[in-house]
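A.B. asks: Just dropping this structure here.
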Amino acid sequence: MRTAEIKRRTKETDISIRIDLDGSGKNSISTGIGFFDHMLTALCVHGGFDFDISVKGDLEVDCHHSVEDTGIALGQAFAQALGDRAGIARYGTAFIPMDEALAMTSLDISNRPFLVFNAQFTNQSCGGYDLCMTEEFFRAFAFNAGITMHIDLKYGSNDHHKCEAIYKSAAHALKAAVSRNSDGAALSTKGVL
């Protein structure tokens, strides 16, 4: 079973996350930020993962701590659920259209974290979610999961669509990368990841 449970408590946030990488998209997600819940639900459903995510954060300040800390905890959960990373396809790439927007995510579950993020938004926010936090979320996630991740928003005009295309492309790339390979070995010339 590729499951994990992470609890993260700071002076700014209290987060509890349970994931199952071999799920079916079942989810219970509550961060206090409606649009972020919507994006995490897209990540869960399109990735075929089960997520149980509860976040209590200092939203009276803004959404920064809640979004970034969720990325940290979710990345730690992915790393824990993957274990030694043997037996996975390792790589995943997905182009996802969302109406007029098109986003691409390409990633390598290499245990060498890195993020390249190329996306511009027109507005500051969608609901209570600051769109600049999209990059912060994926940086926190990638670095704590040990993933090299390239996210490229090709084009789009509606910020909701652009952000959702990014999350969905990440979901489909992750789904491909965590799928089981044919021999159960680490896909690496080194023999380990």
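Here, each number is a calculation from the coordinates, and none is a lab measurement. Computed from a predicted model, the values in this text were never measured in an experiment. With ideal geometry, Cβ positions are generated from the backbone for all residues, glycine too; neighbour counts draw on all protein chains shown.
A.B. asks: I'd like to verify a number: residues in region 1-46 that are under 26 Å from F95 (Cβ atoms) and touching a His at 6+ places or on another chain (Cβ under 7 Å), how many?
C.D. replies: 1
A.B. asks: Under the condition of being over 22 Å from L102 (Cβ atoms) and in a helix (DSSP H, G or I), which residue from region 144-193 is farthest from the chain's Cα centre (by Cα)?
C.D. replies: Filtering first and then ranking leaves V178.
A.B. asks: Take the residues in region 135-150 that are touching a helix residue (DSSP H, G or I) at 6+ places or on another chain (Cβ under 6 Å) and not charged (D, E, K, R), then tell me which one is nearest to H64 (Cα to Cα).
C.D. replies: The extreme case among them is F137.
A.B. asks: Another question, if that's okay. Output the residue which, of all residues in region 109-143 that are among the small types (G, A, S) and within 18 Å of the chain's Cα centre (by Cα), is surrounded by the fewest Cβ atoms within 10 Å (Cβ to Cβ).
C.D. replies: S110
A.B. asks: With the requirement that a residue be under 20 Å from N144 (Cβ atoms), of a type outside the set (F, W, Y) and part of a loop (DSSP other than H, G, I, E, B), what does region 24-60 give you?
C.D. replies: Within region 24-60, T31, I33 qualify.
A.B. asks: Does at least one position in region 73-91 carry a residue that is touching a residue at least 40 places away in the same chain (Cβ under 8 Å), assigned to a strand (DSSP E or B) and surrounded by fewer than 20 Cβ atoms within 10 Å (Cβ to Cβ)?
C.D. replies: Taking every residue of region 73-91 in turn, at least one turns out to be touching a residue at least 40 places away in the same chain (Cβ under 8 Å), assigned to a strand (DSSP E or B) and surrounded by fewer than 20 Cβ atoms within 10 Å (Cβ to Cβ).
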